[in-house]
1. Search region 46-75 for residues being part of a strand (DSSP E or B) and within 12 Å of ligand 1 (Cβ to nearest atom), and hand back the single one that is nearest to Lys202 (Cα to Cα).
2. In region 47-84, what residues are open to solvent by less than 30 Å² (accessible area, probe 1.4 Å) and among the acidic types (Asp, Glu)?
3. Counting only residues that are open to solvent by 10 Å² or more (accessible area, probe 1.4 Å) and near ligand 1 (Cβ under 9 Å from one of its atoms), give me the helices (runs of 4 or more DSSP H) lying completely in region 140-226 with at least 1 of them.
4. Name the residues in region 82-112 that are within 16 Å of ligand 2 (Cβ to nearest atom) and either out of contact with any Pro (no Cβ under 6 Å at 6 or more places or on another chain) or within 22 Å of Lys152 (Cα to Cα) (or both), would you?
5. So which pairs qualify, if the first residue must be in region 74-97 and within 22 Å of Thr59 (Cα to Cα), the second must be among the aliphatic types (A, V, I, L, M) and assigned to a helix (DSSP H, G or I), the Cβ gap must be under 6 Å, and the two must be at least 6 apart or on different chains?
6. Go through (1) out of contact with any His (no Cβ under 7 Å at 6 or more places or on another chain); (2) within 24 Å of Gln217 (Cα to Cα); (3) within 15 Å of ligand 2 (Cβ to nearest atom) for His33 and report which single condition fails.
7. Count, please, the residues in region 109-125 that happen to be more than 16 Å from the chain's Cα centre (by Cα) and surrounded by 13 or more Cβ atoms within 10 Å (Cβ to Cβ).
8. Take region 1-46 and flag every residue that is crowded, with 16+ Cβ neighbours inside 10 Å and of a type in the set (Ser, Thr, Tyr).
Amino acid sequence: MQTKISASILAADPTQLGDEIKKVEQAGVDLIHIDVMDGHFVPNLTMGPFIVERIKEITKVPLDIHLMIENPDKYVESFTQKTTKDDILTFHIEATDDPLNVINLIKDRGIKAGVAINPDTHEQTVEKLLESVDILLVMTVYPGFSGQAFKKYVCDKLKKLREMAPENLDIEVDGGIKPETIPDAATAGANVFAAATSIFAKDDYKEAIEELRRKAQENSYLFMKS
Ligand code: DX5
Ligand code: ZN
């Protein structure tokens, strides 16, 4: 399974967003992670469907849209106006009573469906969905802000989820991912890594992405098994 680095534009310079996206694209990033916040599910507000559409127009890198919003079912259509089959739309398990319906709505739009789980939410809440999603997003901070510290205790849950999941399921971690923390997340079973600060706060994005990728691969749970 592939190791992927997803650049979270939450820490990019918002006045230069197009250039920032071009730069991480040229630096070889695998996904562009877009954090959508509604001021209800999380105490912060960020980007809406209009910005997602414009980003899609300027990059070939698949989008990794992370919805931190209430009532995700109501917004699937507006966030998928321009998306194509390799893009991902992820919603939070804590934000809906009918996750299977949201997954089906997303898949009906012809893109990949992801479910996200907060640090303190039990793994059982997503267990039955693992066969139905294309990606599981395990939060390693409480969602809402970039620049927070990685919560190492989440690695125990991550390990359990990797054991429960179908063999090829992509498992992403998000929050506090940097060269010092990525080995723990990779060892516990993640293969997709969202990172904001540890890419956009660096001068050289290529060097930052390559270092994350190398540290993840060296510590991959697959590598440890063989
Ligand atoms: C947090 C967001 C993350 C965040 C990560 O709610 O979902 O994607 O941007 O930021 P860093 O990598 O700085 O922890
Ligand atoms: Zn995110």
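1. Asp64
2. Correct list: Asp64 only.
3. Numbers: elements: 154-164, 182-188, 197-200, 205-218, 221-225.
Result: 197-200.
4. Ile88, Leu89, Thr90, His92, Ile93, Glu94, Lys112
5. Sorted first by the residue in region 74-97, then by its partner, the pairs are Val76/Leu105; Val76/Ile106; Phe79/Val52; Leu89/Ile106.
6. So the condition that His33 fails would be (1).
7. The first filter runs over region 109-125 and keeps only residues more than 16 Å from the chain's Cα centre (by Cα), leaving 109-110, 120-125.
Okay, now just the ones that are also surrounded by 13 or more Cβ atoms within 10 Å (Cβ to Cβ), so 109, 121, 123, 125.
Matching residues across region 109-125 total 4.
8. Listed by number, the residues that qualify are Thr3, Ser6, Ser8, Thr46.
The values are calculated or read from the model by the stated rules, or taken from the named source; none is laboratory data. For clarity, every value in this text was computed on a predicted model and none was experimentally measured. Cβ: placed from backbone, ideal geometry, glycine included. Neighbour counts: every protein chain shown. Keep in mind that these areas ignore ligands, DNA and RNA; they rest on the heavy atoms of the full protein, side chains included. Shrake-Rupley method; radii C 1.70, N 1.55, O 1.52, S 1.80 Å.
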